[in-house]
Amino acid sequence: MERGNTFLLLERFLAGAVDAGATVERVAAYALHVEQCEARMRCWYSTPGVCIHKDDVSDVLDRLSVADVLVLSSPVHVGGMTGGMVRLMERVMPLLSPYFEVGEDGRTRHVLSPHSEKRMVVLVSTCGYYEEEAFEPIVCQAKDLGRSLGRRFAGALLRPHGLALRFMQARGYDVDDVLQAAENAGRELVRDGAMKESTLAAVRRPLMSRDEFVDMMNSAFDRRLGCQPGHTPGCG
Ligand SMILES: Cc1cc2nc3c(=O)[nH]c(=O)nc-3n(C[C@H](O)[C@H](O)[C@H](O)COP(=O)(O)O)c2cc1C
């Protein structure tokens, strides 16, 4: 995770939040023992609020329940969140009641267990494709999870063509304004309870044109793979 593109953004966002007075706790989904939700709903019908699995998740749910802000940090994998993040988030069912209610937005949702309160969700994500549209499913996923948990979606730090960020950094290009904007977003959220749209736009600003991106990445792949037409699909 520490070597990842998403981590770059996340750490600067958290640095800004800490600078503004927040206390931060990190939970690495991939490093936890998380059993698969079997959808038998024992946490609703047999032992309300308690999952049958005894693994690392109940501690995460305790911490999530008291957090003012839930920061979901995930690269885009197959359009959405990573499998590890989805596996962890499927396990929030014990926080919800089976009963439905109609929210202020006129949409149905499950009633929250008493220990969950209205707080915020933020998404931090990077993707491989050049276009911002690649984030549409993951943003929907984060918003929907926020609704289910009774949390306001406060916004998303999105870095399209995220592959280019470290690549450019390693070659001495000045991309610090992007990371500075991520830090500013963390500071704004804690200080003002909201992130400015201009700050979020600065995080996702194009790093180069689409054609430059394609050329840059393909040249890098050529150097790494040693282009042998007929061997690696797409090369040459
Ligand atoms: C299994 C897998 C699936 C991916 N799926 C997508 C995708 O659907 N859309 C996309 O734009 N990028 C996709 N990517 C690219 C990553 O989102 C991108 O490289 C990201 O910046 C990686 O972040 P990380 O370094 O924090 O892991 C995928 C990468 C992997 C490994």
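Every number in this text was worked out from the coordinates using simple rules, so none of it is lab data. The structure presented is a predicted model; accordingly, all values stated were derived computationally and were not measured. We place every Cβ from the backbone using ideal geometry, glycine too, and count neighbours over all the protein chains shown.
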Could you work out which residue, out of 140, 43, 127, moves most in a Gaussian network model of the chain, that is, has the largest mean-square fluctuation with Cα springs under 10 Å?
140
Among DSSP bridges having both ends in the chain, what percentage is antiparallel? Round to the nearest 5.
30
Scalar couplings 3J(HN,Hα) for the range 158-165 by Karplus 6.51 cos²θ - 1.76 cosθ + 1.60 (θ = phi - 60°), nearest whole Hz, x for Gly and Pro, are 10, 10, x, 5, x, 4, 6, 5
Hey, fewest Cβ within 10 Å first, where do 85, 120, 41 land in order?
41, 120, 85
For the chain the mean separation of alpha carbon contacts under 8 Å (6+ apart) over residue count, i.e. relative contact order in percent, is 22
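In the range 107-181, which GluC sites (Glu not before Pro) fall in coil by DSSP and have 14 or fewer other Cβ atoms within 10 Å? Intermediate values should be presented prior to the final figure.
Working: sites: 117, 131, 132, 133; in loops: 117, 131.
In loop regions of the range 107-181 (DSSP not H, G, I, E or B), the sparsely surrounded GluC sites (Glu not before Pro) are 117, 131.
Taking DSSP loops as anything outside H, G, I, E and B, show the longest stretch in the chain free of trypsin sites (Lys or Arg not before Pro) there with at most 13 other beta carbons within 10 Å.
Details: sites that count: 3, 26, 40, 54, 107, 118, 171.
It works out to 172-236.
Give the percent of DSSP beta bridges with both residues in the range 1-137 that are antiparallel, rounded to the nearest 5. Can you show the working numbers first?
Numbers: 5 of 10 bridges.
Beta bridges within the range 1-137, antiparallel portion: roughly 50 percent.
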Output ³J(HN,Hα) for the range 102-113: one whole-Hz value per residue in order, computed from phi by the Karplus curve 6.51 cos²θ - 1.76 cosθ + 1.60 with θ = phi - 60°, and x for Gly and Pro.
9, x, 4, 7, x, 10, 6, 7, 7, 5, 7, 4
Note, the range 9-19: 3J(HN,Hα) by Karplus (6.51, -1.76, 1.60, θ = phi - 60°), whole Hz, Gly/Pro = x, goes 5, 4, 5, 6, 4, 5, 4, x, 5, 5, 4
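What are the GluC sites (Glu not before Pro) within the range 3-48 that DSSP puts in a loop, where the Cβ has at most 14 other Cβ atoms within 10 Å? Intermediate values should be presented prior to the final figure.
Working: sites: 11, 25, 35, 38; in loops: 25, 35, 38.
Passing both the DSSP loop test and the Cβ count: 25, 35, 38.
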Per the charge dipole of the chain (beta-carbon charges, Lys/Arg positive, Asp/Glu negative, Cα centre), the residue among 158, 198, 209 reaching farthest to the positive end is 158
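Using only the Cα atoms of the range 1-118, construct the convex hull and provide its projected area averaged over every direction, in square nanometres to one decimal.
Details: hull surface 35.6 nm².
Convex hull of Cα atoms, orientation-averaged projection: 8.9 nm².
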Would you grab the residues whose amide H sits under 5 Å from the one on residue 124? Only those 5+ places off in sequence or on another chain, please, with H modelled 1.01 Å from N.
72, 73, 74, 157
Please report, in Å, the Rg and the Dmax of the chain, where both are computed over Cα atoms only.
19.8, 61
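Determine the calculated [θ] at 222 nm for the chain from helices alone, applying -39500 (n - 2.57) to every DSSP H run no shorter than 4 residues and normalising by the residue count; nearest 500 deg cm²/dmol. It would help to have the intermediate numbers written out before the result.
Working: 9 runs with 97 residues, N = 236.
Calculated mean residue ellipticity at 222 nm is -12500 deg cm²/dmol.
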